[in-house]
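Enquirer: Questions regarding the structure given below will be posed in turn.
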Amino acid sequence: MTEREAASGLLRRLADGLLVVPRTLRDDLWTVARDPLPRMPWLGRLPHGHVVAFAVIMGWLNAAERQGHYSPNVTLVSLLVVLQSAAVLLVLSRPIPGWWLSTAVLFVSAALPGNGFSLGGVGPWSIAQIVLHTLVLFLLALRVRPRIAAEALALTLLAAVVNLALMPVDRGGDPNVVAVSYATAVVVGTALRGRRVARARLVEQEEITAEERARRTLLEERNRIARELHDVVAHHMSVISIQAQVAPHLAENPSDELKENLAGIRRSAVEALTELRRVLGVLRSEDTLAEGVRHAPQPTLDRLDELVDTVRGTGIPVDVEICGERRPLPPGLELSAFRIVQEALSNVMRHAPGAEVKVEIGYHPDGLTVRVFNTAPDRSALPTPGTGHGLLGMRERTAMLRGELATGPTPDGGYEVAAVLPAYLVPEAARAEAATATETAEDIA
């Protein structure tokens, strides 16, 4: 590549860059979008009131400083003074338009004919004007991106340089004071905005993390329930298959139609069992429990005494009361009732040391009631690891059975868990026949 080609390529890149700048400035600064100054967590809108009061006071000082310096243009100067303070009020809700208004007022004020105003080398602007525009840049930097704040600062300084260049030498001034004031406002405002944005993102991330943790805990509990239901349903489907296979041997001279129907029942049961294991059996592969524990029978209320004895072994007094006639219930219902009691007792051990516990199990014609409540703890509980979503599992199990669950503190400082679990009982005759067929199948095997 020759030097001429290299120079030509550099010029093209520079030209493209120069074309991008106006488009970027237009996109960033040519907008009237509303972006109100947010409320402060503790002070509310008190800072907004302070800004309004400060704008009024500085507007009065601005008018006092300008008095007598624009005798031919008193009306226009008064209007500019009002607009300078109004720009501060506008920037509270619309930062970009407020900044444009304040910059335009500064430029027009300095360019007015007969402007003989000068303060200590600051130039054609009064101290009040500089302070007000500094506040405008600060409020702007609090809301917009750092790039937009830098662009606004650059254009403001450019307007100041143009004003000074167009003025006579004897009425000009050093713009360094103005530049330092404006740059400081932008830097401080940008830093505070970055801190506020970082804090907001942190809070948002914490909320997302908490929601994700709750969702994950919910999915884990549902997987656990699905695994347990898989065991219960698989057992009953196996019993149906065996009963259908054994039934022809229990009848004397069974007809071909009966054999065919029973064979169809067995095939349907086997196919359903295979499909069930294919869909839900994969949940077992994700279980981190030991192999022996995973394949252990699912607990029922028959193991309630064993559970209570374990809790008593930790030093917690537990009283058990069973109301109604104890009878077999659907395995899924007994499993859910056992898990609810187990989780409630675990919560007492973790969060209520020294409390006394009572477990009430009520058998009713249409279902089962479970109530676990404890007295107030006699000391503070130690912090325990975990996600703390045990109640979530209770609700899932209760909802699965279309029951009702109520939890909450008691008036004496304790805690109560109460669940109503409806049941659709199997008729006695059908249950007895199923038991007979199972025993026969075991004898044949």
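The values are calculated or read from the model by the stated rules, or taken from the named source; none is laboratory data. Note that the structure is a prediction, hence the values are computed from the model and not measured. Counting neighbours? That spans all protein chains shown, and the Cβs are built from the backbone with ideal geometry, glycine included. Just the protein is used for accessible areas: all its heavy atoms, side chains included, with ligands, DNA and RNA removed. Shrake-Rupley method; radii C 1.70, N 1.55, O 1.52, S 1.80 Å.
Enquirer: So, in segment 308-322, exactly how many residues are open to solvent by less than 60 Å² (accessible area, probe 1.4 Å) and not in a loop (DSSP other than H, G, I, E, B)?
Expert: Of the residues in that region, 4 qualify.
Enquirer: State yes or no: is Ala272 closer than 30 Å to Ser241 by Cα, assigned to a helix (DSSP H, G or I), at pLDDT below 85 and open to solvent by less than 60 Å² (accessible area, probe 1.4 Å)? Lay out the reasoning, then the answer.
Expert: Working: closer than 30 Å to Ser241 by Cα: yes; assigned to a helix (DSSP H, G or I): yes; at pLDDT below 85: yes; open to solvent by less than 60 Å² (accessible area, probe 1.4 Å): yes.
Considered against the rule, which asks whether it is closer than 30 Å to Ser241 by Cα, assigned to a helix (DSSP H, G or I), at pLDDT below 85 and open to solvent by less than 60 Å² (accessible area, probe 1.4 Å), Ala272 comes out as yes.
Enquirer: Output the number of residues of segment 408-422 satisfying the condition of being open to solvent by 50 Å² or more (accessible area, probe 1.4 Å) and either under 25 Å from the mean Cα position of the chain (by Cα) or among the aromatic types (Phe, Trp, Tyr) (or both).
Expert: 1
Enquirer: State whether one or more residues within segment 183-199 are closer than 24 Å to Ala64 by Cα, of a type in the set (Val, Ile, Thr), modelled with pLDDT of 80 or more and open to solvent by less than 20 Å² (accessible area, probe 1.4 Å). Give the steps one after another, and end with the answer.
Expert: Looking only at segment 183-199, we keep the residues that are closer than 24 Å to Ala64 by Cα, and these are none.
Scanning segment 183-199, I find no residue that is closer than 24 Å to Ala64 by Cα, of a type in the set (Val, Ile, Thr), modelled with pLDDT of 80 or more and open to solvent by less than 20 Å² (accessible area, probe 1.4 Å), so the answer is no.
Enquirer: Does segment 189-209 hold any residues that are of a type in the set (Val, Ile, Thr) and closer than 16 Å to Met40 by Cβ, and which are they?
Expert: Going residue by residue through segment 189-209, those that are of a type in the set (Val, Ile, Thr) are 190, 197, 203, 208-209.
Scanning segment 189-209 gives Val197, Val203.
Enquirer: Is it the case that segment 340-354 has a residue that's modelled with pLDDT of 85 or more, touching a Leu at 6+ places or on another chain (Cβ under 7 Å) and more than 20 Å from Tyr415 (Cα to Cα)?
Expert: No, every residue in segment 340-354 fails to be modelled with pLDDT of 85 or more, touching a Leu at 6+ places or on another chain (Cβ under 7 Å) and more than 20 Å from Tyr415 (Cα to Cα).
Enquirer: Need a quick list: helices (runs of 4 or more DSSP H) entirely within segment 74-162 having at least 2 residues that are modelled with pLDDT of 90 or more and of a type in the set (Gly, Ala, Ser).
Expert: Working: elements: 74-91, 95-111, 127-141.
Passing ranges, in order: 74-91, 95-111.
Enquirer: May I ask you to list pairs of residues, at least six apart or on different chains, whose Cβ atoms are under 9 Å apart, with the first in segment 298-319 being closer than 21 Å to Glu334 by Cβ and small (Gly, Ala, Ser) and the second being open to solvent by 90 Å² or more (accessible area, probe 1.4 Å) and in a helix (DSSP H, G or I)?
Expert: Nothing qualifies.
Enquirer: Scan segment 50-73 and tell me whether some residue there is hydroxyl-bearing (Ser, Thr, Tyr), modelled with pLDDT of 80 or more and not in a loop (DSSP other than H, G, I, E, B).
Expert: Keep residues of segment 50-73 that are hydroxyl-bearing (Ser, Thr, Tyr), which gives 70-71.
Subsequent filtering for residues that are modelled with pLDDT of 80 or more retains none.
Looking for residues that are hydroxyl-bearing (Ser, Thr, Tyr), modelled with pLDDT of 80 or more and not in a loop (DSSP other than H, G, I, E, B), one finds none in segment 50-73, hence no.
Enquirer: Right, Gln243: surrounded by fewer than 17 Cβ atoms within 10 Å (Cβ to Cβ) and part of a helix (DSSP H, G or I) or not? Talk me through it step by step, then tell me what you get.
Expert: On the way: surrounded by fewer than 17 Cβ atoms within 10 Å (Cβ to Cβ): no; part of a helix (DSSP H, G or I): yes.
Criteria not met by Gln243.
Enquirer: Can you tell me which residue within segment 172-182, out of those that are part of a helix (DSSP H, G or I) and in contact with a Leu (Cβ under 8 Å, 6 or more places away or on another chain), is surrounded by the fewest Cβ atoms within 10 Å (Cβ to Cβ)? Explain how you work it out, then say what you get.
Expert: Taking segment 172-182 first, the residues part of a helix (DSSP H, G or I) are 176-182.
Retained after the next criterion (residues that are in contact with a Leu (Cβ under 8 Å, 6 or more places away or on another chain)): 178-179, 182.
Numbers: Val178: 24, Ala179: 15, Tyr182: 22.
Here the residue is Ala179.
Enquirer: Could I ask something else about it? For residues that are assigned to a helix (DSSP H, G or I) and hydroxyl-bearing (Ser, Thr, Tyr), scanning just segment 323-373, find the one that is most open to solvent (accessible area, probe 1.4 Å). Break it down stepwise before answering.
Expert: Taking segment 323-373 first, the residues assigned to a helix (DSSP H, G or I) are 331-351.
Those still in the list that are hydroxyl-bearing (Ser, Thr, Tyr) too: 336, 346.
Values: Ser336: 1, Ser346: 27 Å².
Here the residue is Ser346.
Enquirer: Examine segment 397-419 for a residue that is modelled with pLDDT under 50 and hydrophobic (A, V, I, L, M, F, W, C), and state whether such a residue exists. Lay out the reasoning, then the answer.
Expert: First, pick out the residues of segment 397-419 that are modelled with pLDDT under 50: none.
Looking through segment 397-419, none of the residues is modelled with pLDDT under 50 and hydrophobic (A, V, I, L, M, F, W, C).
Enquirer: Out of curiosity, is Arg34 at pLDDT 85 or above, open to solvent by 60 Å² or more (accessible area, probe 1.4 Å), basic (Lys, Arg) and touching an Asp or Glu at 6+ places or on another chain (Cβ under 8 Å)?
Expert: Numbers: at pLDDT 85 or above: yes; open to solvent by 60 Å² or more (accessible area, probe 1.4 Å): yes; basic (Lys, Arg): yes; touching an Asp or Glu at 6+ places or on another chain (Cβ under 8 Å): no.
For Arg34, the condition - at pLDDT 85 or above, open to solvent by 60 Å² or more (accessible area, probe 1.4 Å), basic (Lys, Arg) and touching an Asp or Glu at 6+ places or on another chain (Cβ under 8 Å) - is not met.
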